[in-house]
Amino acid sequence: MSEWKSQAREFLPDYKTIIEGAKNPIGSLNMQLNDLIKQSGEWLKGTGPHANIVMSSRIRLARNLVRLPFPNKANKKNLFEIMGAIEATVQQINYLKNVMILHMGDLDNVDKQFLVERHLMSHEHVANTDGKSLIVSPEEVVSIMVNEEDHLRIQVMQSGFNLNETWRIINTIDDALAEKLEFAFQPDWGYLTACPTNTGTAMRGSVMLHLPALVMTKQINKVLAAIAKLSFASRGFYGEGTQATGNFFQISNQVSLGHSEEDIIQNINGLIRQIIEQEEQARQALLMQNRPMLEDKIWRSLGILKNAHIISSQETIELLSMVRLGVDVGLINNVSRVTINELFMMMQPAHLQKMEGKKLTSAERDSKRASLIREKLAPQKASQ
């Protein structure tokens, strides 16, 4: 019997049957953490509706098991039982076959940061690793944080403006889990969560937008102010607690209580369509009224990326943003959107260290980053 199972089964009897029926998750994996470095997540594919402006669509659900305290009030025994019950249940769901299950206590700091950089888990999930795990599907469409702020944080991400399909997938997974796990639910309040703002549907829908033209035309502050007045949140590339960088803005709902999931998605879709329209108009205005300036910024950015031998992550993301704009408006034809999207991820510190197979100093990362970018942007030789 594996260690996690023996720890979990002794604490409370409620989930003993589920835990005993589980296979050892580590022994049955078809993918491993290091395999992720060889692939791009679904949300980086640069496809889907309005992929020229919308990088990804994400929906997250918070769920908690009945009769067990929230993670911030749970003791170590509770946390291991919760983790065991959830991992065992996941292995019984067809939609989640072949997932990778990672225990936070088994990972070093680079591995943890690597998973944060891939948007598979939050910064908060890194702290206090007792009874915490991460469940990831092969294509990185689905990830489940166990014992973050809530017992389960279920996340589904898709490329492009695709919230409806994202909701269909996560709703299917949620229904399957609910058949085997009893979630804390109260008719008047909905799903009970550690943070009161999540109570209700406990759903957060978010869309990652690339808005360089609104930034360049100085319209972005007006747009963000309007978003806030409509009770939506605007965050940076890594979500809550991060500032916008590289002209990326993550827009999500703030209110969950009193609204159905369908209403929330409809409201987000309506807002995002308006922002997309404004960004498209701003891009057209730049092309028509200030094309030389725009072309200069885009081609200078590409030139630096192709030739730099030392470059920081901050400078890289700003330059890649301009190159992505050049690709999306048709000024650059020999670089693909998926290549740019991949570089946004690969140039992050933990990714560079995973590719190199060792820890790197800041200076070594700046050199490795520049080398990687030059290689990825180099013209492809024609086959003989």
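Take the alpha carbon atoms of the stretch 117-136, find their center, do the same for the stretch 176-233, and report the distance between the two centers in whole angstrom.
20 Å
Fewest to most neighbouring Cβ within 10 Å: what's the order for GLU295, GLU342?
GLU295, GLU342
Relative contact order for the stretch 3-205 using alpha-carbon pairs under 8 Å, separation at least 6, rounded to a whole percent?
So the answer I get is 30 percent.
Students often get this wrong: which residues of the stretch 318-348 have the backbone nitrogen under 18 Å from the point 7 angstrom along Cα-to-C-beta of LYS306?
319-341, 343
Can you sort TRP43, TRP189, TRP167 by how many other beta carbons sit within 10 Å, fewest first?
The fewest-first ordering by Cβ neighbours comes to TRP189, TRP167, TRP43.
What's the angle, to the nearest 10 degrees (0 to 90), between helix 220-229's Cα axis and the longest principal axis of the chain?
Roughly 30 degrees between the two axes.
Please work out the Kirkwood hydrodynamic radius for the chain, using every pair of different C-alpha atoms, and report it in angstroms with one decimal place.
Every distinct Cα pair counted, the radius reaches 22.1 Å.
How much FRET efficiency would the formula 1/(1 + (r/R0)^6) give for LYS222 and HIS123, where r is the Cβ-Cβ distance and R0 is 41 Å, rounded to 0.05?
0.85
Relative to the longest principal axis of the chain, what angle (0 to 90°, nearest 10) does the C-alpha long axis of helix 163-178 take?
10 degrees
Angle check, please: helix 291-307 long axis (alpha carbons) against the longest principal axis of the chain (alpha carbons), in degrees 0 to 90, nearest 10.
Approximately 70 degrees, to the nearest ten.
Hey, in the GNM for the chain with a 10 angstrom Cα cutoff, which one of PRO69, PRO187, PRO349 fluctuates hardest?
It is PRO187.
What FRET efficiency would be calculated for the residue pair GLU364, GLN274, taking the C-beta separation as r and a Förster radius of 35 Å, to the nearest 0.05?
FRET efficiency, GLU364 to GLN274: 0.20.
Specify which residue in the list VAL327, VAL66, GLN113 is farthest towards the positive end of the charge dipole of the chain, using unit charges on the beta carbon of Lys, Arg (+1) and Asp, Glu (-1), about the Cα centre.
About the Cα centre, the residue reaching furthest to the positive side is VAL327.
Do any GluC sites (Glu not before Pro) in the stretch 159-254 lie in a loop, going by DSSP, with at most 14 other beta-carbon atoms within 10 Å of their beta carbon, and if so which?
GLU179, GLU182, GLU240
Label-point separation (nm) for ASN171 and LYS73, each offset 7 Å from Cα along Cα-to-Cβ?
Rounded to a tenth, the inter-label distance reads 3.2 nm.
State the answer as a single residue: which of PRO196, ASN267, LEU287 lies farthest towards the positive end of the charge dipole of the chain, with beta carbon charges of +1 for Lys and Arg and -1 for Asp and Glu, about the Cα centre.
Checking the options against the dipole of the chain, the answer is LEU287.
Gain in length, GLU375 to PHE185, computed as 0.36 nm per residue apart minus the alpha-carbon separation, to one decimal in nm?
Between GLU375 and PHE185, full extension yields 63.2 nm more.
No lab work stands behind these numbers, since they all come straight from the coordinates. Predicted, not measured: the structure shown is a model, and the values here were computed from it. Note: ideal-geometry Cβ built from the backbone for every residue, glycine included; neighbour counts use all protein chains shown.
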